[in-house]
Each structure stands twice: as C-alpha cells, then as structure tokens.
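Some notes on the structure that comes next.
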Amino acid sequence: MPPDFSGIPAERLAALIVRAPKAELHVHIEGTLEPELAFEIGRRNGIVLPYDSPESLRQAFAFTDLQSFLDVYYAAAAVLRTEDDFHDLTWAYLQRAHADNVVRAEIFFDPQTHTARGVPFETVVGGMSRAIGRAREELGISAALIMCFLRHLTEREAFETLERAEPFREHLLGVGLDSGERGNPPEKFARVFDRCRRLGLHAVAHAGEEGPPASITAALDALGAERVDHGVRCLEDQSVVARMVRERIPLTVCPLSNVKLRVFDTLAHHTLPKLLAAGLRASVHSDDPAYFGGYVNENLRQSFACLPLMAADAYTLLRNSLESSFQPAAEQARNIERLDELFENWGR
Ligand code: HPA
Ligand code: ZN
C-alpha cells in the first residue's frame with residue numbers, strides 16, 4: 001500500500017524530496033569530475049589541461065549536442081592517472097551522494113577512456129573499489145560499479161576490454177553502453193553483451209537519448225538490457241511505450257542532462273510527467289553532474305520547480321529508483337520501508 005500523501009503541503013514537498021532515501025542509477029564517475037578537482041589532479045600529475053583555469057573549463061560547458069559534451073568530458077578525464085586519482089574522484093562523488101541521501105549508487109565508468117591512455121585496468125578499478133569500501137564503512141552508503149563500453153569503438157575493442165575486466169569480475173555489478181548513439185546501434189555489441197550476461201553481469205544500455213525508439217527495442221532484444229538509460233524518446237512510438245510498461249522496464253531519466261545536451265529546449269518542455277502518466281517505470285538521476293548543473297537532488301528540485309509534478313509523483317520516482325536498483329530484495333525492501341515512513345510522517 002502506498003502511503004497517504006494527502007497531508008503533505010506543497011511547500012514542504014521540496015524538503016521531503018531532499019531528505020528521502022534514493023538510489024542513483026545513472027551517473028558516470030568521469031562526469032562527476034568537478035573542474036577544481038580536475039585541475040588539482042592535473043597539477044599533481046604534471047598534466048596541463050587545454051584550459052587556463054577551472055572557470056575557463058566551466059565556460060566550455062555550453063553544449064550543442066551529446067558529441068560536443070563528450071569532447072570536453074574525454075579531454076578532462078585525461079588528468080586521471082593513478083589509483084589515488086580514481087579513489088579521490090569516487091570518494092568525492094560518494095560524499096556528495098551521501099549529502100543528497102543517496103543510499104545506493106550504481107556507478108558507470110568508462111575503462112576504455114583510461115586504458116587507451118596507458119592506465120592499467122586494475123588502477124581504475126582498484127581506486128574506485130577502495131573508495132566504495134571506504135564509503136560503506138564511513139558513510140553507510142552502498143555502491144557498486146557498472147563497466148560501460150564506448151559504442152563509438154569497435155566490437156573487437158569491447159571484447160578486449162571484457163577480457164581485461166574478467167580477473168576483476170567480483171568488482172563489477174554489470175555492464176552498460178554509452179558514448180555517441182548516432183551511427184552506433186546496440187546490435188553492434190550483441191555478442192559482447194551475450195558473453196557478459198553469461199558471466200552473470202547485469203546489463204543496461206543508453207538508448208533513446210539521441211537515438212530513435214527502435215534503439216530502445218534493440219537494447220532490450222539484442223543486448224538483454226534490464227534498464228534503459230535515458231529512453232526518453234520512447235514516447236515517439238506507442239508500441240515501445242506499451243512494451244516497456246508491460247515488461248516494467250526501468251528508465252533512468254536525467255532531466256538536467258537532457259536540457260544541457262539539447263534533447264529538450266528547456267526543463268519546462270521535459271516529458272517526465274508524460275512518462276509517469278504513461279505508467280513507465282521512470283526515476284530521476286544526474287548523468288554527468290559536474291557538467292550539467294547538479295547532482296540528483298538538484299535534478300529533482302529543478303524538475304519539481306518547472307514541471308507539473310505532485311507528491312505522488314515524488315513518491316513514485318523515489319520508489320522507482322530504489323526498486324530499479326540491482327540491490328538484493330531484502331535491502332531494497334528496507335530502503336522502501338524508510339521511504340514510506342518518511343512520506344507517512346511528513347505531513348503530520
Ligand atoms: N550519453 C552517452 N554517453 C555518455 C553520457 C550520455 O549522456 N554521459 C557520459 N557518457
Ligand atoms: Zn549517461
């Protein structure tokens with residue numbers, strides 16, 4: 001039984017959303033690299049960024065589409081070299097997530113961005129895993145890693161990456177697919193994902209961000225994706241919507257990202273209310289928060305400020321985030337209980 005929302009005054013909803021336990025299911029660790037940290041890490045590694053200062057790097061955050069963002073994102077990630085760098089980046093993110101009352105974070109990383117520069121796979125995973133263990137101990141936050149294949153690279157390169165990852169299998173929750181969607185359909189990686197699923201890895205994929213609804217269908221059929229990252233363009237094909245509703249496929253929606261990368265003109269034009277009205281299992285996430293203007297609570301705050309969303313929608317989005325995670329059922333149930341308690345008591 002969902003809690004009774006009738007007692008929650010609209011002006012107290014924003015504070016409730018901030019306080020509520022939530023899961024972050026769509027965040028790229030490289031996209032949490034704040035300009036100040038990029039310069040600090042660059043300095044200690046003797047790597048000069050093609051920008052004068054953190055402020056001038058921030059000024060480059062005027063994107064026209066996904067690719068214009070990816071160019072800056074890959075350039076900044078070049079400062080990351082040592083295990084400590086990957087630890088510090090992940091630790092900084094997990095502290096921010098904890099401040100937003102994230103109780104579970106399933107974090108994307110792009111190993112090929114680093115191994116292509118000569119950084120060993122174990123350096124990347126070692127540093128991130130150390131931060132995740134520390135966050136469990138010190139902050140009580142549960143986190144895990146999802147390894148993404150860059151879809152602009154070849155199937156062979158994806159297989160090579162998977163081979164490098166296999167000795168670190170226990171550090172990985174699943175695999176994903178990111179980078180430029182145009183011209184790189186999911187089918188290109190069907191055999192790679194098949195092997196990943198046989199290793200017992202969860203499968204997710206970016207689809208329907210810049211690509212058409214058919215790319216969502218392909219992510220489900222060719223890759224066995226259990227969640228669709230973005231997926232907002234599903235609304236262009238009612239048969240895709242109907243299938244996603246029927247199969248309860250989660251959509252990890254990133255409103256500020258969609259505005260920054262021009263998927264929607266403004267936040268007021270975002271289709272999040274339509275996704276919910278259609279009965280889709282949507283939740284709100286931050287994608288690349290250092291670049292797009294905010295972490296998960298800021299995405300929720302601005303969405304509720306600009307869109308016709310109510311307390312019941314807040315509950316649905318937060319609950320969907322917890323239920324769409326790959327946490328064991330008992331932990332999910334505990335988090336949902338905490339969410340229900342908070343909503344039940346907030347209006348009193
Ligand atoms: N889409 C595709 N690839 C990405 C993104 C995104 O939003 N963020 C980081 N890599
Ligand atoms: Zn993403």
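The values are calculated or read from the model by the stated rules, or taken from the named source; none is laboratory data. Quick caveat: nothing in here was measured; it's all calculated off a predicted structure. For neighbour counting, all protein chains shown are included, and Cβ atoms are generated from backbone atoms with ideal geometry for every residue, glycine included. Just so you know, the surface numbers come from the protein's heavy atoms only, side chains and all, with ligands and any DNA or RNA stripped out. Shrake-Rupley method; radii C 1.70, N 1.55, O 1.52, S 1.80 Å.
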Hey, does segment 23-33 have a residue that's acidic (Asp, Glu) and over 18 Å from the mean Cα position of the chain (by Cα)? no
Is it true that VAL79 is touching an Asp or Glu at 6+ places or on another chain (Cβ under 6 Å), at pLDDT 95 or above and more than 28 Å from ARG198 (Cβ to Cβ)? no
Within segment 306-339, which residues are of a type in the set (A, V, I, L, M, F, W, C) and either open to solvent by 20 Å² or more (accessible area, probe 1.4 Å) or free of Cβ contacts under 8 Å to residues at least 60 places away in the same chain (or both)? CYS306, LEU307, LEU309, MET310, ALA312, LEU317, PHE326, ALA329, ALA330, ALA333, ILE336
Inside segment 27-63, can you point out the residues that are open to solvent by 20 Å² or more (accessible area, probe 1.4 Å) and among the acidic types (Asp, Glu)? GLU34, GLU36, GLU40, ASP52, GLU55
Within segment 275-290, residues being assigned to a helix (DSSP H, G or I), more than 16 Å from ligand 1 (Cβ to nearest atom) and open to solvent by less than 20 Å² (accessible area, probe 1.4 Å) number 1
LEU16 of a type in the set (A, V, I, L, M, F, W, C), open to solvent by less than 10 Å² (accessible area, probe 1.4 Å), closer than 26 Å to GLY140 by Cβ and in contact with a strand residue (DSSP E or B) (Cβ under 9 Å, 6 or more places away or on another chain): no
Of the listed residues (MET147, MET128), the one being at pLDDT 95 or above and not in a helix (DSSP H, G or I) is MET147
Out of all the residues in segment 140-162, is one or more within 20 Å of the chain's Cα centre (by Cα), over 21 Å from LEU70 (Cβ atoms) and open to solvent by less than 10 Å² (accessible area, probe 1.4 Å)? yes
Considering only segment 211-220, I want to know if a residue exists there that is out of contact with any Leu (no Cβ under 8 Å at 6 or more places or on another chain), open to solvent by 10 Å² or more (accessible area, probe 1.4 Å) and among the β-branched types (Val, Ile, Thr). yes
Cross-chain or 6+ apart pairs with Cβ under 8 Å, segment 207-223 first and farther than 22 Å from ARG262 by Cβ, then more than 14 Å from ligand 2 (Cβ to nearest atom) and basic (Lys, Arg): THR217/ARG243; LEU220/ARG243
If you check GLY118, GLY133, GLY140, GLY127, which single one turns out to be more than 16 Å from ligand 1 (Cβ to nearest atom) and in contact with a helix residue (DSSP H, G or I) (Cβ under 7 Å, 6 or more places away or on another chain)? GLY127
Unique residue being open to solvent by 50 Å² or more (accessible area, probe 1.4 Å), within 16 Å of ligand 1 (Cβ to nearest atom) and under 18 Å from the mean Cα position of the chain (by Cα) when the list is ARG182, ARG233: ARG233
Per the list (1) touching a strand residue (DSSP E or B) at 6+ places or on another chain (Cβ under 7 Å); (2) more than 16 Å from ligand 2 (Cβ to nearest atom); (3) not acidic (Asp, Glu), residue check on ARG58 breaks on (1)
Look at ASP100 and say whether it is open to solvent by 40 Å² or more (accessible area, probe 1.4 Å) and away from ligand 2 (no atom under 14 Å from the Cβ). no
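Here's the yes/no breakdown for (1) within 13 Å of ligand 2 (Cβ to nearest atom); (2) under 16 Å from HIS28 (Cβ atoms); (3) among the hydroxyl-bearing types (Ser, Thr, Tyr):
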{"position": "MET147", "(1), (2), (3)": "no, yes, no"}
{"position": "LEU150", "(1), (2), (3)": "yes, yes, no"}
{"position": "GLU166", "(1), (2), (3)": "no, no, no"}
{"position": "ARG169", "(1), (2), (3)": "no, no, no"}
For LEU201, state whether it is more than 15 Å from the chain's Cα centre (by Cα) and either buried (at least 17 other Cβ atoms within 10 Å of the Cβ) or closer than 21 Å to GLY279 by Cβ (or both). yes
